[in-house]
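Heads up, the thing below is written out as C-alpha cells.
The values are calculated or read from the model by the stated rules, or taken from the named source; none is laboratory data. Fair warning: this is a prediction, and the values are worked out from it, not measured in the lab. Cβ atoms come from the backbone with ideal geometry, glycine included; neighbour counts cover every protein chain shown.
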Amino acid sequence: MKETDVRQGTLALMVLKTLDVLGPLHGYAIARRIEQISEDLLTVNQGTLYPVLLKLAQEGSVASEWGASENNRKARFYRLTRQGRKQLQAEARSWEQTAAIIERFFAVKAQNLK
Amino acid sequence: MKTLRRLFRQLTSWATSARDEEILQAEIAQHIEMQTAEGLQAGLSPIEARRQALLKFGNAEAIKEIYRDQRGLPFTETLMRDMRHAIRRLRKTPALTGAVILTLALGIGSNTVIFGVIDAILIRPLPYPHAEALVSIWQSAPGLPGVPESIGSSASLYFTYREENRTFEHFGLWSSGGASVTGIAEPEMPRALFVTQGVLDAVGIKPALGRWFSQADDTPGSAETVILTYGYWQRRFAGDTSIIGRTLTIDSRPRMVIGVMPEEFRFQRDPELILPQRFERNQQFLGPFGSLAIARLKPGVTVDQANADVARMSGIWLNAWPPPPGMDRAVFQQARLTSRVLPLKQEVVGDIGPALWVVMGSLALVLLITCANVANLLLVRAEARQQELAIQAALGAGWGRIAREMLMESMTLGMLGGAVGLGLASAALRILVAKGPATLPRLGEIGIDPFVLAFALGVSLLSGALFGVIPVLKYAGPHVATALRGVGRTFSQGRTRHRVRNTLVVVQVALAFVLLVGSGLMIRTFQHLRSVQPGFTRPEEILILHSMIPEAIAKEPELVMRRQNEILDRLAAIPGVSSVGFASAAPLESFLSAAGNPVYAEDKRLAEGQIPAIRQIRRIAPGFFQTMGTRVLAGRDLTWTDLYDKRRVAIVSENLAREWWGDARAALGKRIRESGAADPWREIVGVVENIYDNGVQVKPPEFVYWPALMDRYIWGGENGSAVGTGMFAIRANRTGTESLLAEAQQAIWSVNGRQPVFLVNTLKALYDQSMARTSFTLVMLAIAGGMALMIGIVGIYGVIAYVVSQRTREIGIRTALGAQPAALLRMFVRHGLWLAGVGAALGLVAAAGLTRLMSSLLFGVTALDPVTYAAVTALLVGAAVLVNYLAARRVIAVDPVQAVRAE
C-alpha cells in the first residue's frame, strides 16, 4: 500500500510536469512521453496512469475534454489547470528538497565508509 | 482545500457513475488502439501488435477496479451496494415487506405527528427572540378564600414596577378584548390587544411598517393611535401600504394607524388590532387586577432574582396607592397579596403539557410494539435463510459482513417505513391544524420543520436498528456456521428455539395492556364528565352572540336596557326560536369575565377587618335561566319590572345558598351586597341550579346574579348601571344554521345599525371546548390502544401459526399414534393463552405503575380503577383465546400421512 502511494505520488508529478511542458495531451501520449523520458527505466503498466489522472482531476489539478487525436480519432485530452500549475510548483520544490536531502545522506554515508 | 474538493467529488460520484465507467472504457480502448497502431508501424503483425499493446497496458480489469475505488468513497460505495441488495431481497417478498412497512409507517408516523405538536407547543412555544428571558408576573391572594390561584395585575402595580424594578429590561401590562371598528363596511369587533409601553419592546418584534407605540401614545390626552396585525391588514385593507397615517373609527373614536406588525408576529389570543393602554396615573387604586404583566429580564438575571425583586416592590406598592373607593386597605393587607414571576413559556403552554407527554409516551409504546412485531417477522425470515447464511459463512463471508447485510435490510425497512410514515404524518398534521382542539396553544404553528424531520429520521433508524438487531444476534452471530450441522426442519424443534419469539409476544401483550388501560381510563373519565349535569340543557340548541351598544348611541343606563330589551323581543320573534336571554357573559366563558368580588351577607357577622370570600358575579335579564335550561330551585326568576323599577333583588346559586343558609329555600328573603358599604343590600328572590362555569371537571363556582339594570352599583355611575356589552342567548331548533345567524344579526342591526356583533358560538361548542383536552387525549390514546391491541393479536397469531407449521411432523406422528385432534388443539391454545396470560400479568404491573403518571388527566376515576383493569383483562384474554383458536385450528387439518412423508 505504502509503495503504491509513493509511486502514485511520483507518477502524478511526472504527469503534471509532462502536461506543463507539452500542453494538452491524451492519455496515451502522456504514457509514451513518460516512457521516453525515463528511458523505460520506469516499468509501469501504462494502465496505472488512468487512476492517477482521475485523482488529479478530482483534485482539480487537471481538466479534460474530448478532442481529435493526431490521426483524427476521438480522444480525451488532459490539460493543466491553474491549480495544477501551483501544485506542480509546490511539489517540484518539495521533491527537489527531498532529493537534495537524500543525496546528502548518501554522500555522508560514503565518506564514513572510507 | 484540494483534499476537500476531492472528497466532495467522491461523495457525489455515484451520480455520474454509469457514464464515468463508459468514458473509462472508451479511453482504455482508445489507448490500446493507439499502442497497436504504433506496433503496426514498427512492422509487427496485427495480432502481435495487439498482444504487445495489451501486455503493456497491464491488467485492464484491475486498473478499472482501482479506478472505481478511487472514484467514490469505499464506505459509501459498499453502503449503496448493500442497500441495493437489501431492496432486491425485500422485493422478493412483497407481502411481508408491505406489511412491515405499513406497520412501521403507522408507528413512526403517529410518533412524528405528536412530536411535531410537542415541538411546537412544549419545546419552542414562544416565537420571540431570546424567549427564555421573557416572564409573566401573577398575583395571588392566599388570605382571601375564593380568589383564583393566579390573578392579574393592576395599573398601580404597573407604575410601581415600572419605576422601582431593578431586574426588568422591559416591562408592561396587556389585556385582550374586542374593539369595535365602525365606518368601514359592516360594523365589526376584531380581537384587540391593549398594551402599555414595554410590552412590544419585551417581545422584541419590530413592526413591518411604521413604528411602535411611544411614551406619547400611552399618555392620556394625546392623539389616539393603533397598530394593525398582518392578518387584519391583509383581510381588511388588502395589504395597502398607504394605511400608515390613515384614521380608523375604533370604539367610536378616531385613531391613527401608526404601524403594521410582521406576519410572524404572534401573541396570546391572536389579536387583530393593537391599541395603547392608557392609565391616568392620579386616578389609580390598588385594584382591580384586570391586566396581565409581561417582562423581559435583564441579561443574566434569574427568575429567582426577579421574584425577590417583585416581593420587595409589593411592599412599596401596598403603601403607595389608595384602596378602591368603598374598600378598606385592610382587605388588601388581609389578602396577603403576593406577586410571583414565572417563565412566560409556562403560561403559554398551560395545562396541556401532561396530556401531550402521556400521548407521546403511549405512542412510543406503540412503536415499541411495532418493533417487536417486525422483529418477529424478520426472525421468521432469518430462520428461513439460515441455511443460506451458513453456506455464505462457509464460503468465507465473515459473520460481521452477514450481520451488516441483515442490519442493512432492517435499516432499509426502517427508512422506507419512516418515509411513508412522514407522508402520513404531514397529512395528519394538516388535518390536526385544521380541526384540532382550539385549546391547543399555537395550533397554527404546528408543521413539519427540520427538527421534526430529524426526529422522524432518527426514529426510523433507531427502530430499524432495534428490530434488526434481534435476528442478527440470533442468526448472524459468530456461531452462524454451526447451523450447517443441524439438518434444519427435519427434526422437531426444541423449546429454546421459540424463546425469543415468545418473549417478544409477551412484551407486545404487556405493552398493549398498558395502553388499553390508559385509553380505558380516559373513556371512563369522559363518561364521568358527560354524566355531570352542567347547569344547562341541550347546549346544541343554544346560539350565543356577543354584542355591544357603543356609548355614542346610548349612554343612559335605562336607555341601554330598553335597547337590549328591544333586541331580545326581535330575536324572540324569529321563527323557530323558543326562548331568548341576555346576560353579561355566557356559561363556560369565564375567560371573558372578571375574577369576581367579595360578597357580604347581612346576617353573617364578620370579625373586624375580615372580608368574605370572592364570588362570581353575573348580571342577567329575565329569561336567561329559562333559555339555558337552568332550573330555579326556590323562589323565582327576575322580571322586567324588577329591572325597570330598579328593585334591589338578587339570585344566587344553590351552592352559595347551602354554604350560608344550609338550604335553597332558607336563602329566600336574605340580603346580600357586593364589596363594600357603598353598595346597597339586595334581597334574594331566587336560588338556581349550579352552573359549571369553569368546565365540568372543576367544582362549580358560587354565583351571585344581579339584575342587568340597577340603581346603584359600585362599578356604575351616578344614574345607575346597565350592561352595555353582553351576550344574547337564543334557544332554537335551527341553531347551527347560517340562516338563523343571519336573521339574528339582522334583528340586532334593525334596532341599531352600528352595533357590532362578535364571538358567535353555540353553547355546545363551548361545552366541547371545555372538554377538549380530555377528548383529545381520549382519541389519541384510543387510537394508540387500538393499534396496540391489533398488532399484539397479530403477533400472537403469527407465533401460534408458526409453531403449528414447524411442528406439523410432530402433529402427524401424534395423530398417527392416536392423539385426539381436540386434545392437540387444546395443547396449542394453551401455549398461546399462557403467552397472553404472562403478558397480561406483566402489563397489569406495568400499568399500575405507569397510569399514575396520567392521574392529573383523570376525572371521577382513580388510576387503579378496578372496572377498567377488569375490562381490559377480559378484552385481552378474550381476544387471545379467539386468535389462538383460529391459529391452532390448522392442527386439525394436518393429515398424518402427508405430514410424515413431507420431509
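Could you please let me know if A:Lys86 is under 15 Å from B:Ile23 (Cβ atoms), surrounded by fewer than 17 Cβ atoms within 10 Å (Cβ to Cβ) and within 12 Å of chain B (Cβ to nearest Cβ)? Before the answer, list the steps.
Values: under 15 Å from B:Ile23 (Cβ atoms): no; surrounded by fewer than 17 Cβ atoms within 10 Å (Cβ to Cβ): yes; within 12 Å of chain B (Cβ to nearest Cβ): yes.
Against the criterion (under 15 Å from B:Ile23 (Cβ atoms), surrounded by fewer than 17 Cβ atoms within 10 Å (Cβ to Cβ) and within 12 Å of chain B (Cβ to nearest Cβ)), A:Lys86 does not qualify.
Taken over the range B:541-586, the criterion of being closer than 18 Å to B:Phe625 by Cα and either assigned to a loop (DSSP other than H, G, I, E, B) or not assigned by TED's automatic domain parsing to the domain that holds B:Gly726 (or both) is satisfied by B:Glu541, B:Ile542, B:Leu543, B:Ile544, B:Leu545, B:His546, B:Ser584, B:Ala585, B:Ala586. Screening the range B:278-298 for residues that are in contact with an Asp or Glu (Cβ under 7 Å, 6 or more places away or on another chain) and assigned to a loop (DSSP other than H, G, I, E, B) and picking the one that is modelled with the lowest pLDDT gives B:Arg278. Within the range B:254-273, can one find any residue that is farther than 20 Å from B:Pro207 by Cα and modelled with pLDDT under 85? The answer is no; no qualifying residue exists. Would a scan of the range B:641-661 turn up a residue that is surrounded by 21 or more Cβ atoms within 10 Å (Cβ to Cβ) and of a type in the set (S, T, N, Q)? Yes; the residues of the range B:641-661 include at least one that is surrounded by 21 or more Cβ atoms within 10 Å (Cβ to Cβ) and of a type in the set (S, T, N, Q). Look at the range B:49-66: where a residue is without any contact (Cβ under 8 Å) to a residue 24 or more places away in the chain and a partner is surrounded by fewer than 18 Cβ atoms within 10 Å (Cβ to Cβ), sitting 6+ places away or on another chain with Cβ atoms under 6 Å, you get B:Ala49/B:Leu40; B:Gly58/A:Asn45. Pairs are defined by a Cβ separation below 8 Å, a sequence spacing of at least 6 or placement on different chains, a first member in the range B:197-217 that is under 16 Å from B:Leu134 (Cβ atoms), and a second member that is at pLDDT 85 or above and in a helix (DSSP H, G or I); the pairs so defined are B:Gly198/B:Arg162. Considering the range B:783-800, the residues that are surrounded by fewer than 19 Cβ atoms within 10 Å (Cβ to Cβ) and hydrophobic (A, V, I, L, M, F, W, C) include one that is nearest to the chain's Cα centre (by Cα), namely B:Ile783. Exactly one residue among B:Arg50, B:Arg89, B:Arg71 is more than 11 Å from chain A (Cβ to nearest Cβ), surrounded by 15 or more Cβ atoms within 10 Å (Cβ to Cβ), farther than 21 Å from B:Leu461 by Cβ and among the charged types (D, E, K, R), and that residue is B:Arg50.
Residues to consider are B:Ala384, B:Ala375, B:Ala393; find the one that is hydrophobic (A, V, I, L, M, F, W, C) and free of Cβ contacts under 8 Å to residues at least 40 places away in the same chain. Please lay out each step first, then the result.
On the way: B:Ala375 fails: free of Cβ contacts under 8 Å to residues at least 40 places away in the same chain; B:Ala393 fails: free of Cβ contacts under 8 Å to residues at least 40 places away in the same chain.
The conditions single out B:Ala384.
Restricting attention to the range B:842-874, the residues that are farther than 25 Å from B:Ala772 by Cβ and surrounded by 14 or more Cβ atoms within 10 Å (Cβ to Cβ) add up to 11. Taking the range A:23-47 only, how many residues are of a type in the set (Ser, Thr, Tyr), surrounded by fewer than 20 Cβ atoms within 10 Å (Cβ to Cβ) and within 11 Å of chain B (Cβ to nearest Cβ)? The qualifying residues number 1. B:Ala238 meets all of the listed conditions (1) in contact with a helix residue (DSSP H, G or I) (Cβ under 8 Å, 6 or more places away or on another chain); (2) surrounded by fewer than 21 Cβ atoms within 10 Å (Cβ to Cβ) but one, namely (1). Out of the range B:536-557, which residues are touching a helix residue (DSSP H, G or I) at 6+ places or on another chain (Cβ under 7 Å) and either hydroxyl-bearing (Ser, Thr, Tyr) or surrounded by 15 or more Cβ atoms within 10 Å (Cβ to Cβ) (or both)? If the condition is that a residue be touching a helix residue (DSSP H, G or I) at 6+ places or on another chain (Cβ under 7 Å) and either hydroxyl-bearing (Ser, Thr, Tyr) or surrounded by 15 or more Cβ atoms within 10 Å (Cβ to Cβ) (or both), then B:Phe536, B:Pro539, B:Ile542, B:Leu543, B:Ile544, B:Leu545, B:Ser547, B:Ile549, B:Ala554 are the ones that fit.
Among the conditions (1) under 13 Å from B:Gln30 (Cβ atoms); (2) more than 10 Å from chain B (Cβ to nearest Cβ), A:Thr81 misses just one, which is (1).
When B:Ser339 is tested against the conditions (1) among the small types (Gly, Ala, Ser); (2) in a helix (DSSP H, G or I); (3) buried (at least 18 other Cβ atoms within 10 Å of the Cβ), the lone failure is (2). Out of B:Pro612, B:Pro575, one residue alone is modelled with pLDDT under 90 and in contact with a Lys or Arg (Cβ under 9 Å, 6 or more places away or on another chain). It is B:Pro612. Restricting to the range B:215-233, count the residues that are modelled with pLDDT of 85 or more and among the hydroxyl-bearing types (Ser, Thr, Tyr). Looking only at that region, the number is 4.
Okay, residues lined up against (1) crowded, with 16+ Cβ neighbours inside 10 Å; (2) at pLDDT 85 or above; (3) within 39 Å of the chain's Cα centre (by Cα):
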site: B:Thr302; (1), (2), (3): no, yes, yes
site: B:Asp309; (1), (2), (3): yes, yes, yes
site: B:Arg312; (1), (2), (3): no, yes, yes
site: B:Ile316; (1), (2), (3): no, yes, no
site: B:Pro324; (1), (2), (3): yes, no, no
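Across the range B:12-28, the qualifying residues are those that are modelled with pLDDT under 75 and away from chain A (no Cβ under 11 Å), and the one among them that is farthest from B:Ile63 (Cα to Cα) is B:Ala15.
In this structure, does B:Arg826 turn out to be in a helix (DSSP H, G or I), of a type in the set (D, E, K, R) and touching a helix residue (DSSP H, G or I) at 6+ places or on another chain (Cβ under 6 Å)? First the steps, then the outcome.
Numbers: in a helix (DSSP H, G or I): yes; of a type in the set (D, E, K, R): yes; touching a helix residue (DSSP H, G or I) at 6+ places or on another chain (Cβ under 6 Å): no.
For B:Arg826, the condition - in a helix (DSSP H, G or I), of a type in the set (D, E, K, R) and touching a helix residue (DSSP H, G or I) at 6+ places or on another chain (Cβ under 6 Å) - is not met.
So for the range B:144-163 (the condition being among the hydroxyl-bearing types (Ser, Thr, Tyr), over 21 Å from B:Asp218 (Cβ atoms) and surrounded by 20 or more Cβ atoms within 10 Å (Cβ to Cβ)), does at least one residue qualify? Checked against the condition, which is being among the hydroxyl-bearing types (Ser, Thr, Tyr), over 21 Å from B:Asp218 (Cβ atoms) and surrounded by 20 or more Cβ atoms within 10 Å (Cβ to Cβ), the range B:144-163 yields no hits at all.
Could you list, in sequence order, all residues of the range A:48-66 that are more than 7 Å from every other protein chain (Cβ to nearest Cβ), of a type outside the set (Val, Ile, Thr) and within 12 Å of A:Ala12 (Cβ to Cβ)? Even if it seems obvious, please write down each step before you answer.
So the first thing to find is which residues in the range A:48-66 are more than 7 Å from every other protein chain (Cβ to nearest Cβ), and the list is A:49, A:52-53, A:56-57, A:61-66.
From what's left, of a type outside the set (Val, Ile, Thr): A:49, A:53, A:56-57, A:61, A:63-66.
Selection gives A:Leu49, A:Leu53, A:Leu56, A:Ala57, A:Ser61.
Screening A:Asn71 with (1) part of a helix (DSSP H, G or I); (2) modelled with pLDDT under 80; (3) closer than 26 Å to B:Glu21 by Cα gives one miss only, at (1). Assess whether B:Val845 counts as being within 20 Å of B:Leu789 (Cβ to Cβ) and more than 42 Å from the chain's Cα centre (by Cα). Spelling it out, it is not the case that B:Val845 is within 20 Å of B:Leu789 (Cβ to Cβ) and more than 42 Å from the chain's Cα centre (by Cα). Take B:Val872 and tell me if it is within 19 Å of B:Tyr802 (Cα to Cα), touching a helix residue (DSSP H, G or I) at 6+ places or on another chain (Cβ under 8 Å) and not small (Gly, Ala, Ser). Here the answer is no, as B:Val872 does not meet what is asked.
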